[in-house]
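Structure record follows, encoded as structure tokens.
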Amino acid sequence: MSDSVAERPLFLDESTFLTRITRQDGRAIEDALGGPTLFEEGVKLAGGVVEATYAAADPPLLKRLRADRVPYVVDPQTVRFTGERFLQVGQFERIPYAPKAPLRPGDLTNSAAAELALAVMRFQQDVGASCYLAAVLPQQDADLQAWMIHNEQLLAASCAANGTGEIERRPLIAQVVPGRQTLASPELVMNRLMDHPIDAVYVQPLRLNPAHDSLEKLAQYVEFLLAIRDCGVSVIAGRVGAFGLVLQALGIPSFDSGLCQAEAFDLASLNRPLTERERQRRADGSSGGGDRRVYFELLKTTLKGRHARAILSDRQLRARFTCSLGCCQHGGFEELPNRRRKHYLWVRHHEVKELSNQPTAELRRDWVHERLRDARGAGSAVRKALSNGGADLPTFEHLDRWIGVLARQTRLTAAA
Ligand SMILES: [Zn+2]
């Protein structure tokens, strides 16, 4: 496409929140790009990660992003090809490089890997991506050796194709999808990555849930990201939600997050074949409504719809959580669930901006630490206020674990 942004996007060099753009979020993002009124500016997106299944539908939003010079990359979603599910999901039929059957370890010859890598880049170029996000397969613990070889084949082929023949040269981002073993030993991938001319590494663990994972696991994940960063390339952390602020405070520059999702990723459950009942519900169009989750800035947490509604219907409590950004200026706060995606977008950009305004690494850590402590206090107040309601209560224990991760890394840095 002639109107693509070919220069090096800022998110490769500066702290950035990248919006994960899926079919569900397209409309809300378009809305948010327009201002609260015709005379006010909308949110300025710093960048996006567009899912290939959405990009393949050629949505008007992508044209809008290009016109606004918002850089975006396209998640090729090749990790989905290792399970059965993609064959049952109609949107994958539009992906030109989707295989006919799931990929198993040992399946990819060098030429098949080169073909896949090239097709992914061709697709990304056609939909106007600012950089290439290289094809990747998950580093499953079972058959790890075979998966590592496949990832090496794919990355080598992606780098070789960049700027040759029909593929215009653009910055190239390698991907790593580490399983348990790889997370515990970053050196398994570091050296291989550094052999290639890449501009950044996008890391999406096979399974990550920052609001539920133990302090140990989160600390290990942070170490993994830092090990890659210390090799001198930029790092983008995939699907981390508010935990991205902790990562930025620790020197991991960029992260992405879907709007109002529960800040979690689990490839095994995404790739699991649908049951007959689930297929039926999808065919009826009765699935996907989901829970209307809402992000509360003060709590640094995305709450389930029923918890959000309980807070918003308690007048005293609600007063603590009002939002003064463009998303909420012209609407009653109790209607927040109706504009929850737009609100998420505004708030997240605002948080990242405030954090990056802190002039030193130490002040950035302090800033996040203070926000997490405030969130913990507000969380206790929420639990107390809602405890007579009889329903279950939201939990905020992850905030303690996040504070723990921050404190541990700060000690390590001080000792180094
Ligand atoms: Zn708002």
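Taking the mean number of other Cβ atoms within 10 Å as a proxy for protection, how do you rank 241-250, 15-24 from highest to lowest? Can you show the working numbers first?
Working: 241-250: 25.6, 15-24: 21.4.
Descending packing order for the listed peptides: 241-250, 15-24.
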| remark: Shape descriptor, the stretch 226-329: equivalent ellipsoid semi-axes (Cα gyration tensor, sqrt 5λ, whole Å, largest first) stand at 29, 27, 10
| note | Here the stretch 348-416 gives, from Cα atoms, an Rg and Dmax in Å of 15.2, 49
| request: Please express the shape of the stretch 32-157 as an equivalent ellipsoid: the semi-axes are the square roots of 5 times the eigenvalues of the C-alpha gyration tensor, given largest first in whole angstrom. | output: 33, 15, 13
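Step through the table entries Lys217/Lys342; Lys304/Lys384; Lys44/Lys342; Lys353/Lys384; Lys63/Lys304, compare each Cα-Cα distance with 21 Å, and write down the pairs that go over it.
Details: Lys217/Lys342 31 Å; Lys304/Lys384 17 Å; Lys44/Lys342 12 Å; Lys353/Lys384 32 Å; Lys63/Lys304 33 Å.
Listed pairs above 21 Å: Lys217/Lys342; Lys353/Lys384; Lys63/Lys304.
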| message | Please compute the length gained on full extension between Glu84 and Arg292, using 0.36 nm multiplied by the number of residues separating them and subtracting their Cα-Cα distance. | response | 72.1 nm
| remark: Taking every other residue with Cβ under 15 Å from the Cβ of Gly258 and scoring Lys and Arg +1, Asp and Glu -1, one gets +3
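Pick out, in residue order, every one of the GluC sites (Glu not before Pro) in the stretch 160-205 that is DSSP loop and has at most 15 other C-beta atoms within 10 Å; say none if there are none.
Numbers: sites: Glu166, Glu168, Glu187; in loops: Glu166, Glu168.
Answer in residue order: Glu166, Glu168.
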| Of all DSSP beta bridges in the chain, what percent run antiparallel (nearest 5)? | 15 percent
| said: Cα atoms only: what Rg and Dmax, in Å, come out for the stretch 294-415? | reply: 15.6, 49
| Rounded to whole Å and sorted largest first, what semi-axes of the equivalent ellipsoid does the C-alpha gyration tensor of the chain yield via the square root of 5 times each eigenvalue? | 34, 25, 22
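Taking the Cα centre of the stretch 294-415 as origin, work out the dipole magnitude from +1 charges on Lys and Arg Cβ and -1 charges on Asp and Glu Cβ, in debye rounded to 20. Show your work: numbers first, answer last.
Details: 23 positive and 13 negative charges, 50 e Å.
It works out to roughly 240 debye.
Kindly provide the Kirkwood hydrodynamic radius of the stretch 125-254 in Å, to one decimal, from all pairs of distinct alpha carbon atoms.
Working: mean 1/r = 0.0657 Å⁻¹.
One decimal place: 15.2 Å for the Kirkwood radius.
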| In angstroms, what radius of gyration and Dmax does the stretch 115-196 have, counting Cα atoms only? | 13.2, 39
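So which trypsin sites (Lys or Arg not before Pro) in the stretch 130-205 pass both tests, a DSSP loop state and at most 14 other Cβ atoms within 10 Å of the Cβ? Could you put the intermediate results ahead of the total?
Working: sites: Arg169, Arg180, Arg192; in loops: Arg169.
Qualifying residues, ordered by number: Arg169.
Just order 112-119, 274-281 by mean Cβ neighbour count inside 10 Å, highest at the front, would you?
Values: 112-119: 20.0, 274-281: 11.8.
Result, highest mean Cβ count within 10 Å first: 112-119, 274-281.
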| task | Mind checking which of Ala101, Phe321, Ser158 is farthest towards the positive end of the chain's charge dipole, using Cβ charges of +1 (Lys, Arg) and -1 (Asp, Glu) about the Cα centre? | result | Phe321
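Quick one: putting +1 on the C-beta of Lys and Arg, -1 on the C-beta of Asp and Glu, what dipole do you get for the stretch 92-185 around its Cα centre, in Debye to the nearest 20? Before the final figure, lay out the partial values.
Details: 7 positive and 9 negative charges, 26 e Å.
Dipole about the Cα centre, nearest 20: 120 debye.
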| note | Residue-normalised 222 nm signal for the chain, counting each DSSP H run of n ≥ 4 as -39,500 (n - 2.57), nearest 500 deg cm²/dmol, is -13000 deg cm²/dmol
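Since every read-out is calculated from the coordinates, none of them should be taken as a lab result. Predicted, not measured: the structure shown is a model, and the values here were computed from it. Backbone-built Cβ (ideal geometry, glycine too); neighbour counts: all protein chains shown.
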